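Right, one structure below, let's go through it.
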Amino acid sequence: MNSQLTYEELSGLMRSSAGVRVEQATLERDPETPFAEYGLDSLGLLGIIGELENRRGTSIAGDVDGCRTPHAFVDAVNASLAKGA
Amino acid sequence: MSGRTVITGIGVVAPNGIGADAFWKATKEGVSVLDTIGRDGFDGLPLRIAGQVREFDATAMVEERYVVQTDRFTHFAMAAADLALAQSGPPAPGGSPLDVAVVTAAGSGGGEFGQRELQKLWGRGSRHVGPYQSIAWFYAASTGQISIRGGFKGPCGVVASDEAGGLDALAHARRSLLRGTRAVVVGAAEAPLAPYSGVCQLGYEELSLVPDADRAYLPFTTSARGFAPAEGGAMFVVEDEQNAADRGATARAVVAGHAATFTGASRWAESREGLARAIRGALGDARLAPSDVDVVFADALGTPWADRAEALALRDALGPHASRVPVTAPKTGTGRAYCGAPLLDTAAAVLALEHDTVPPTPHVHEVCHDIDLVTERSRPAELRTALVLSRGLMGSNAALVVTTP
């Protein structure tokens, strides 16, 4: 079974894949702030999804690349991972 | 609108210095920074000597997101643009984002980023290639990222016309100003010293493979064996003279004339006519006579045929003045940074005009052509008009005239 995506991992991925630095605590405190406000663009989100797929060894289904906020993204990714499991 | 294009900011990221002041000090003193390429992956390559921007720390000059998302050539261009803008001040105060444009020239693109992603592709598989590869390698990347970062939404462009495209970019910017754009951030920076880029250059017969920094790049001498490549470049803020005056910005020089020609890849004998026509065209554009030229920044490719063609082109275009006017090629101390090279020469030309000093041509001692090449040390001279020449390996030729304001 694949482990769920946490805000801690997302914070790390935003930094390593796109160079956008947002603390885990910030994401947890305000998960509705759109990625765009942090300067994370659609290519950045694609890179994060690609890296997650490599880490989990499975494709992530659904409209995850259309998610605009960390909350929506974490929920959509975890829903896909749960289905896959 | 005055119709005169002036330079109000100069940003340099060069092997011999970051920032116009450091660059000019090293250039004026004839310091050479050519040396053995120290990068991983060069051990097995026959290319040994280049000009590297060793002092550059991308993380200190560019935000982390751009460090991750863009290539080294874009890091250079962004840093140079910042330096130029810091000097010029905001070029369109109170204006709209559409008032400022960005134009760059590019010759080699994002080789280092591309190599890293290609290594992932063949080493680990296509799922490991990051999406920023789609834009980071691209010739237009620096223009796009400078535009996004600075909010410059005027008519942006990229000139991909060989090394001489560096001068063509300035001409393109000048045309934008004549159409009403208030200011253009313009220039080029290249980063062709990743191993992948090094291998690509091995196909150029003009590339010097001489492994000794003192002998690798000796244009206009009987020891000419080609050119040493380099990374780096320069960005400028250019604007209409009236715009500069209205906002109280200092005009450092006038971009007075330009012309470009094309004579075919590596056809150096033919470049004589191409270069001569470009010189005549640029002088005509500037409404100046051959005798008005006070200093020439030569292309100085460094192969016997190309050097001969350039010396003869000067004779063809300038007449007897060609043997009197001081000629210099400071790039023998830094290498040729492809599209960045003629812009570094333009920066040096503006600084030379400001200091009434012709910088020397490092490493070169005995000249075998009928030109007055300034060697050994800089030469004081009253300078009002500089001619900058550039040729590309693919056959482009260009000439630019810059004058004191």
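Overview of values
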{"read-out": "Whichever residue in the range B:382-405 is of a type in the set (S, T, N, Q) and under 17 Å from B:Glu310 (Cα atoms) and, among such residues, is surrounded by the fewest Cβ atoms within 10 Å (Cβ to Cβ)", "value": "B:Ser396"}
{"read-out": "Qualifying residue in the range B:174-192 (condition: without any contact (Cβ under 8 Å) to a residue 12 or more places away in the chain, assigned to a loop (DSSP other than H, G, I, E, B) and more than 19 Å from the chain's Cα centre (by Cα))", "value": "no"}
{"read-out": "Residues of the range A:51-64 classified as part of a helix (DSSP H, G or I) and out of contact with any Phe, Trp or Tyr (no Cβ under 9 Å at 6 or more places or on another chain), total", "value": "6"}
{"read-out": "Hey, B:Thr27 surrounded by 19 or more Cβ atoms within 10 Å (Cβ to Cβ), more than 29 Å from B:Lys153 (Cβ to Cβ) and of a type in the set (S, T, N, Q) or not", "value": "yes"}
{"read-out": "The range B:194-242, subset among the polar types (S, T, N, Q) and assigned to a loop (DSSP other than H, G, I, E, B), residue nearest to B:Thr375 (Cα to Cα)", "value": "B:Thr221"}
{"read-out": "Residue ID - farthest from B:Val358 (Cα to Cα), chosen from residues in the range B:19-70 that are within 14 Å of chain A (Cβ to nearest Cβ) and acidic (Asp, Glu)", "value": "B:Glu64"}
{"read-out": "Tally of residues being under 19 Å from B:Pro359 (Cβ atoms) and in a strand (DSSP E or B) across the range B:369-398", "value": "10"}
{"read-out": "Test for B:Gln145: is it of a type in the set (S, T, N, Q), in contact (Cβ under 8 Å) with a residue 24 or more places away in the chain and assigned to a helix (DSSP H, G or I)", "value": "yes"}
{"read-out": "Some residue of the range A:34-45 being within 19 Å of A:Gln4 (Cα to Cα) and of a type in the set (S, T, N, Q)", "value": "no"}
{"read-out": "Total residues in the range B:30-72, condition assigned to a helix (DSSP H, G or I) and loosely packed, with under 14 Cβ neighbours inside 10 Å", "value": "2"}
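Every number in this text was worked out from the coordinates using simple rules, so none of it is lab data. Computed from a predicted structure; not experimentally measured. Cβ: placed from backbone, ideal geometry, glycine included. Neighbour counts: every protein chain shown.
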